[in-house]
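The values are calculated or read from the model by the stated rules, or taken from the named source; none is laboratory data. The model shown is predicted, which means the values in this text are computed figures rather than measured ones. Here the Cβ positions follow ideal geometry from the backbone for every residue, glycine too, while neighbour counts run over all protein chains shown. In case anyone asks, the SASA skips ligands and DNA or RNA and just uses the protein heavy atoms, side chains included. Shrake-Rupley method; radii C 1.70, N 1.55, O 1.52, S 1.80 Å.
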Amino acid sequence: MGINQEKQVWVIGHKNPDTDSICAAIAYAELKNQTSEIRHKAKRAGNINEETKYVLNYFHMEEPELVTDVRAQIKDISFRQTAGVSEHISLKLAWELMNMENVVTLPVIGVNNQLRGLIVTRDIATSYMDVYDARILATAKTPYKNIAESLKGSILAGNGHAHFTKGKVVVETSSPDCMDEYIQAEDLVIVGGQRESQLQAIEQNASCLVVCSGFAVSRDVIQAAEKRDCMVIGTPYDMFTVARLINQSMPIKHFMTKKNLIRFDLEDYVDDVREVMSKVRHRDFPIVDDEGNYVGMISRRYLFNTQKKQIILVDHNEETQAVDGIGGAEILEIIDHHRLGSLETMSPVFFRNQPLGCTSTIIYQMYHEKNVEIPKRIAGILCAAIISDTLMFRSPTCTAVDKAAAEELAIIAGIDIELLAKNMFQAGSDFNRKSPEEILYQDFKTFTVGQYEFGVAQLSAMSREELETVHGKLKTYIFEVLKDHKLDMAFIMLTDILEESTILMTAGEDADTIVGRAFSAKREEHGYLLKGVVSRKKQLIPALIAAMQE
């Protein structure tokens, strides 16, 4: 797993989720958490409709987090958590850290772990091989403590936190009498053990003396240096070695890459990352969180062992209804009450499909089978889901099992079924403030049968007047849906709960022909009146499929 990522299994319903899809996911995640050591979490694949919002608010349940794609992300895989370094460390220290960690790239970070840049072995090699003038240490604003560390020396006088910012690097090679010819104020002077040469450099206002070969520095030289605010660094290395190594003390800030960094976010999808990496020759890439804070490094080899997200699907088994990226996830279970659809899995899964009116009825049964007590709030949302999917037991999909389950759940939750149903349906049929898009997609599913791809939305209300309002908003929008989804046909069920009938709106070249074959109904002002038809799953879809297959 990625950084601090607890292993989780997501329980998720279909796109454009209805009350059953959401409540079944919440309830099943709760059951799994009580019977499994692995953490399960309910998610949703689309926006929640008003009916479902009412149910969740009534029972004080939080909305599941929205998930639009379940492909593996950077946060799902293992990556190298190389510690970030300060931009002020020396090239020498950076090289040593690279060798210690066996890496070729170090992330450079600032305050609060903000990514500032990258230093790679190529940058260090460039600093060694390129020819720089004697002022490069000052140009790089090299800290004196870096110089001492790189030369394995110690600071004998001065402030180690100060920086060498002016002057050039000079090697003392002649008598003290001639030093004024080539030493200027602010220079860093590499000297031997001659006291006279050390004092002469200080007299000429050198900013720093590097005393080589472990020579002792006399007290009067130290006092003179402190009086002139001159640094004194003692090192065991000889002059040649010091002259060769001193450039390694420069801070990596001067050489690191700062612009046009290719970085990845924890939320980035592995497929997208793999594509970017294939076009770039970099070996390592930094990973940041949503605030730009550095969290680790990744290279191509980490992508070979990608762990797919583990998913449990509820209330659907059609690929077209599943959350995007489902082909890149590992499906562990499917709990459903619909016809067998087009979804394929890479390996065997636990698949429970029963001819009941509601997925939540199946979840209710599973609580009993595992001898797990149903919490009051879970009982409430399961009952609400059964009421919704069965249209308060009016749908032909409703079975005696559904009704018995709802009645027992209502007792556990302490609710009145008829009152809850009335309030739920009223909340769900408040269409006046909604756009056509919000209305239609609150319960819209797509299907594939032979050569046809079609979509069916269902909207329920307690009165014909409410449905006529919906018709006015959707009569032209249905054709936009047809075009946007590249469907052959689109249907909208306007279901009158109390009258137990449906007005069917249609769009698409063959839609009227198919409906004519499927039902003995004539087109009226608002569409086809289908008396006694209230179930999309059991009444409309099977009839349409049979007509398409003729």
**OP:** Check 70, 85 and return the single one that is open to solvent by less than 50 Å² (accessible area, probe 1.4 Å) and in contact with a Gly (Cβ under 7 Å, 6 or more places away or on another chain).
**Re:** 70
Subject >> Selection within the range 185-201 - surrounded by 15 or more Cβ atoms within 10 Å (Cβ to Cβ) and more than 20 Å from residue 147 (Cα to Cα) >> reply: 195, 197, 199, 200
Subject >> Selection from the range 373-402 of residues that are farther than 29 Å from residue 539 by Cα and either open to solvent by 20 Å² or more (accessible area, probe 1.4 Å) or part of a helix (DSSP H, G or I) (or both) >> reply: 373, 375, 376, 377, 378
Subject >> Wholly enclosed strands (runs of 3 or more DSSP E) of the range 477-549 bearing at least 1 residues in contact (Cβ under 8 Å) with a residue 24 or more places away in the chain, more than 21 Å from residue 387 (Cα to Cα) and open to solvent by 30 Å² or more (accessible area, probe 1.4 Å) >> reply: 528-531
Original post:
In the range 68-127, how many are assigned to a helix (DSSP H, G or I) and either within 12 Å of residue 297 (Cβ to Cβ) or free of Cβ contacts under 8 Å to residues at least 60 places away in the same chain (or both)?
Top reply: 12
Original post:
For the range 231-267, which residues satisfy the criterion of being among the aliphatic types (A, V, I, L, M), buried (at least 20 other Cβ atoms within 10 Å of the Cβ) and over 30 Å from residue 300 (Cβ atoms)?
Top reply: 231, 232, 233, 242, 246, 250
Subject >> Residue identified as touching a residue at least 12 places away in the same chain (Cβ under 8 Å), surrounded by fewer than 16 Cβ atoms within 10 Å (Cβ to Cβ) and either polar (S, T, N, Q) or closer than 26 Å to residue 318 by Cβ (or both) among 455, 450 >> reply: 450
Original post:
Among the numbered criteria (1) in a loop (DSSP other than H, G, I, E, B); (2) touching a Phe, Trp or Tyr at 6+ places or on another chain (Cβ under 7 Å), which single criterion is violated by residue 343?
Top reply: (2)
Original post:
What residue, among those in the range 458-476 that are open to solvent by 10 Å² or more (accessible area, probe 1.4 Å) and among the small types (Gly, Ala, Ser), is nearest to residue 395 (Cα to Cα)?
Top reply: 460
Original post:
Out of curiosity, is residue 246 part of a helix (DSSP H, G or I), free of Cβ contacts under 8 Å to residues at least 40 places away in the same chain and in contact with a helix residue (DSSP H, G or I) (Cβ under 7 Å, 6 or more places away or on another chain)?
Top reply: no
**OP:** Sort out which residues of the range 1-44 are open to solvent by 10 Å² or more (accessible area, probe 1.4 Å), under 13 Å from residue 65 (Cβ atoms) and either more than 18 Å from the chain's Cα centre (by Cα) or at pLDDT below 95 (or both), and write them in order of number.
**Re:** 8, 26
Subject >> Matching residues in the range 465-498 - criterion: being in contact with a strand residue (DSSP E or B) (Cβ under 6 Å, 6 or more places away or on another chain) and at pLDDT below 90 >> reply: 467, 470, 497
Original post:
Considering only the range 168-183, how many residues are at pLDDT 90 or above and part of a loop (DSSP other than H, G, I, E, B)?
Top reply: 1
Original post:
Based on what the data block shows, is residue 155 in a strand (DSSP E or B), closer than 30 Å to residue 126 by Cβ, open to solvent by 40 Å² or more (accessible area, probe 1.4 Å) and touching a strand residue (DSSP E or B) at 6+ places or on another chain (Cβ under 8 Å)?
Top reply: yes
Subject >> Tabulated pairs, the range 12-36, first without any contact (Cβ under 8 Å) to a residue 12 or more places away in the chain, second not in a helix (DSSP H, G or I), C-beta under 6 angstrom, 6+ apart or interchain >> reply: 33/40
